[in-house]
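In what follows, a structure is listed as structure tokens, so that the remarks can point back to it.
The values are calculated or read from the model by the stated rules, or taken from the named source; none is laboratory data. The structure presented is a predicted model; accordingly, all values stated were derived computationally and were not measured. Because the Cβ atoms are built from the backbone with ideal geometry, glycine has one as well, and the counts that use them run over all protein chains shown.
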Amino acid sequence: MQMFKGSQLFTVEVGGRTLALEAGLLAPQAGGAVTVRYGDTVLLSTATMSKDVRPGINFFPLTVEFEERLYAAGRIPGSFFRREGRPSEQAILMSRLVDRPLRPLFPKGMRNEVQVIITAMSTDGQSLMDPLAIIAGSAALAISDIPWNGPIAGTTIGFVDGEFVVNPTADQMEHSSLNLVAAGTEDNILMVEAGAHELPEDLVLEALRLAHETNRAVIATINEMVAALGKAKAEPSIFLPPAEVQEEVNGLVQSKITAILEQGLGKVELNAALDAIKDEVTEAFAERVAAGEVSGAEVGDAYEATLKKATRKRILDKGLRPDGRATTQIRPISVQVGNMPRVHGSGLFMRGETHVLTIATLGTPGDAQRLDTLQPGEEKRYMHHYNFPPFSTGEAYPMRGPKRREIGHGALAERALVPVIPDDFPYTLRLVSEVLSSNGSTSMGSVCGSTLALMDAGVPITAPVAGIAMGLIQDMDSGDYQVLSDIQGMEDALGDMDFKVAGTEHGITALQMDLKIKGLDFEILRRALEQAREGRMYIMGKMLEVLPEPRDALSEYAPRILTHHIDPEKIGKLIGPGGKTVRGLQENYGVKIDIEEDGTVYISGEGFNAEQALADVQRMTEDIEVGKIYTGTVVRVEPYGAFVNILPGVDGMVHISQLADYRVDKVEDIANLGDELTAMVIDVDPGGKVRLSRQAVLEGWSVEEARSRDRGSRPARGNDRGGDRRDGGRGGDRRDGGRDRRR
């Protein structure tokens, strides 16, 4: 598989298809550039590092950007400017997915800016881009001059018809009960992102093993690339405290930090006590910092290292955490529902100092979010938005819309809850989680609050979902470790793992793992999953004590939606020319009507009006049934009969001989424009013309008897030519009028 002349190609079989990595031609001025192809999906990844370090920077400035180009799918953007604008939510999530396993493998203390850009150049609509983007970013870094302890690879695992599928296609994923993406090195797993339909922990663990084995084969191919094309690694700027400064800070405050940790303080009190110790360190080094002997950043980093060491040592040695809890202990839980008066549903979930209020809003199918991206799917009927305002951590800073972290946490909560929304539930759902107070695991607090909000709104979820965040403290030298349940903010910052698990009593619905160390073995994963399930069930029990099941009825403030299915071939008839018919129904009844391609019709509005609109839709789209009696309005009168509108858009003719149970000399004696007439359908010809009989209703005739007495449908005689010239093609003939005149 050769794509570009003058480049070098490396291939490996993954999931029964060829994965091709190519370098040597495109983006030659980047630090590293690789093109990844899988099927007809092609991604270009570049990795570049700055030579200089921004003054005063005290963090590693890595940015990963996933650039969607709609030309990759042969589409022109639908925006006013007809070009791509700000990244879509899917592109942001993809950027986060790649960033998370790359970041922990950079040298500690590195401050040079690194930028990884992955551009979607072509897509076949079937090859999922998640694992390809991870592989592309890894390969570009691996062959570049950027110091990095990779390579890594990523794999998607599906579960279709009871079998695991490696890198399933988009069509296969439609039928998969698992969507798991795992990234890692040759030795260990680094990152996991998964959604599942209540799958057991042991099955998810097997999927992780399969992903890890697949990753190893891809990593071997990237190593071949490095051997052939890899550049010599540059020397980055490393900022770590001098050993003598670190030793002095340890001796000055380590015992004091340990003493404070022994008190089991809450977040605010603990931070105040630790800030006082930090001020003591700053004061002790003030003269040397002023003299330029040591920098303030080095002193600050040394203090953070001492705090981390003291906290981790206490957890490893005694199994006690900063707030005094044991490793498996969950913080106190408090739950409230229905505390917002006019919203459709609300749930307030409080776990320790983490408080999340989730609001549920029910909308019509037309409220679904339209998607214009390269990812599968055209719309979303379930949306979860997560807000993390500055007051939730006692801070004040400008609010400029949702950050990547907020988008990621919202997507995680969404993934956790989608599996329990019934497929036939006709509403569009938007859940908004407002973080009111934060001390760790607000994303899992959002999951719990959302379950409560959905049940409070009366949404008939199939099972309640709870979530928990797990942590890890591991001594890489001795191998000793402690898995922590329900981690708080300090444990997240100073620990080695953030492992979030959400699910029902039956199994996992969402899983997300991020590591700060180089890898995690499967025994620790197994223990973390088992401990997470125990904690999840405990949390769910507390939730169900307050609201054990969804309310019997939807919120009185939610719209009412009626559902009806019609023949897809009749959609055009329901819509009408230019949408005239459906607009008329919406205006007449004050409702909203949404029509799906499969013929599903959703009518939303006030109860009585919606029912009346539904009745009209049913009449308009039902098939005319021979032998059925209809009541309609006379819309046209001819000498040979009357035309009656029996259904919206459907007229039938009652011949003059069938208007009454006696001889009628003139049609107007029985039927005039606007009159209501009841008649039986006695025939529908192949062209759709409908014959009616009022006499059959009056006499109680059967269809066969009515047909035999319908003189208007008898064959023409003599010079009469028959046909339908007089009735404009609506069912009469010339012979009828002639006979009437003879009478």
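Restricting to the stretch 368-423, name every residue that is among the charged types (D, E, K, R), touching a residue at least 60 places away in the same chain (Cβ under 8 Å) and more than 28 Å from F499 (Cβ to Cβ).
Hit for the stretch 368-423 is D372, nothing else.
May I ask you to verify whether A73 is touching a strand residue (DSSP E or B) at 6+ places or on another chain (Cβ under 7 Å), of a type in the set (G, A, S) and either outside the structural domain of S295 (by TED's automatic domain parsing) or over 29 Å from E414 (Cα atoms) (or both)?
Numbers: touching a strand residue (DSSP E or B) at 6+ places or on another chain (Cβ under 7 Å): no; of a type in the set (G, A, S): yes; either outside the structural domain of S295 (by TED's automatic domain parsing) or over 29 Å from E414 (Cα atoms) (or both): yes.
For A73, the condition - touching a strand residue (DSSP E or B) at 6+ places or on another chain (Cβ under 7 Å), of a type in the set (G, A, S) and either outside the structural domain of S295 (by TED's automatic domain parsing) or over 29 Å from E414 (Cα atoms) (or both) - is not met.
Restricting to the stretch 549-571, count the residues that are part of a helix (DSSP H, G or I) and surrounded by 11 or more Cβ atoms within 10 Å (Cβ to Cβ). Explain how you work it out, then say what you get.
Going residue by residue through the stretch 549-571, those that are part of a helix (DSSP H, G or I) are 568-571.
If we keep only those that are surrounded by 11 or more Cβ atoms within 10 Å (Cβ to Cβ) too, we end up with 568, 570-571.
Residues that pass the stated criteria total 3.
In this structure, does H212 turn out to be in a loop (DSSP other than H, G, I, E, B) and either surrounded by fewer than 24 Cβ atoms within 10 Å (Cβ to Cβ) or of a type in the set (S, T, N, Q) (or both)? Break it down stepwise before answering.
Details: in a loop (DSSP other than H, G, I, E, B): no; either surrounded by fewer than 24 Cβ atoms within 10 Å (Cβ to Cβ) or of a type in the set (S, T, N, Q) (or both): yes.
Judged against the criteria, H212 is not a match.
Could you please find all residues in the stretch 523-562 being β-branched (V, I, T) and touching a residue at least 60 places away in the same chain (Cβ under 8 Å)? Working first, answer last.
We begin by selecting, within the stretch 523-562, every residue β-branched (V, I, T); these are 524, 539, 546, 561.
Matches in the stretch 523-562: I539, V546, I561.
Here is a list: D145, D161. Which entry is among the acidic types (D, E) and over 23 Å from the mean Cα position of the chain (by Cα)? Write out each step before concluding.
On the way: D161 fails: over 23 Å from the mean Cα position of the chain (by Cα).
Going through D145, D161 in turn, the sole match is D145.
Could you check the stretch 265-327 for helices (runs of 4 or more DSSP H) lying wholly inside it with 1 or more residues that are within 40 Å of the chain's Cα centre (by Cα), touching a residue at least 12 places away in the same chain (Cβ under 8 Å) and surrounded by 15 or more Cβ atoms within 10 Å (Cβ to Cβ)? If you could, list the steps in order and put the result at the bottom.
On the way: elements: 267-284, 286-290, 296-318.
The qualifying helices (runs of 4 or more DSSP H) are 267-284, 296-318.
Of all residues in the stretch 132-153, which are of a type in the set (V, I, T) and either outside the structural domain of L43 (by TED's automatic domain parsing) or part of a loop (DSSP other than H, G, I, E, B) (or both)?
Once the filter is applied, which keeps residues that are of a type in the set (V, I, T) and either outside the structural domain of L43 (by TED's automatic domain parsing) or part of a loop (DSSP other than H, G, I, E, B) (or both), the stretch 132-153 yields I146, I152.
If I go through the stretch 449-471 residue by residue, how many of them are surrounded by 24 or more Cβ atoms within 10 Å (Cβ to Cβ) and either of a type outside the set (S, T, Y) or part of a loop (DSSP other than H, G, I, E, B) (or both)? Lay out the reasoning, then the answer.
So the first thing to find is which residues in the stretch 449-471 are surrounded by 24 or more Cβ atoms within 10 Å (Cβ to Cβ), and the list is 449-457, 459, 465-471.
After this cut, where a residue has to be either of a type outside the set (S, T, Y) or part of a loop (DSSP other than H, G, I, E, B) (or both) as well, the list is 449, 452-457, 459, 465-471.
Number of matching residues: 15.
Kindly check whether there is at least one residue in the stretch 590-602 that is farther than 30 Å from A671 by Cα, within 32 Å of the chain's Cα centre (by Cα), small (G, A, S) and part of a loop (DSSP other than H, G, I, E, B). Write out each step before concluding.
First pass over the stretch 590-602, keeping only residues farther than 30 Å from A671 by Cα: 590-602.
Still in the running and within 32 Å of the chain's Cα centre (by Cα): 590-602.
Those still in the list that are small (G, A, S) too: 590, 599.
Filter once more, keeping what is part of a loop (DSSP other than H, G, I, E, B): 590, 599.
Yes; the residues of the stretch 590-602 include at least one that is farther than 30 Å from A671 by Cα, within 32 Å of the chain's Cα centre (by Cα), small (G, A, S) and part of a loop (DSSP other than H, G, I, E, B).
Looking only at the stretch 418-448, which residues are assigned to a strand (DSSP E or B), in contact with a Ser or Thr (Cβ under 6 Å, 6 or more places away or on another chain) and farther than 17 Å from P390 by Cβ?
R430, L431
Would you mention how many residues in the stretch 340-355 are more than 21 Å from F391 (Cα to Cα) and assigned to a loop (DSSP other than H, G, I, E, B)?
4
When the residues of the stretch 700-714 are filtered to those that are in contact with a helix residue (DSSP H, G or I) (Cβ under 8 Å, 6 or more places away or on another chain) and outside any loop (DSSP other than H, G, I, E, B), which remaining residue is modelled with the lowest pLDDT?
Result: S713.
I'd like the full set of residues that are among the polar types (S, T, N, Q) and at pLDDT below 95, limited to the stretch 328-349. Can you show your working first?
We begin by selecting, within the stretch 328-349, every residue among the polar types (S, T, N, Q); these are 328-329, 334, 336, 339, 346.
Result: N339, single match.
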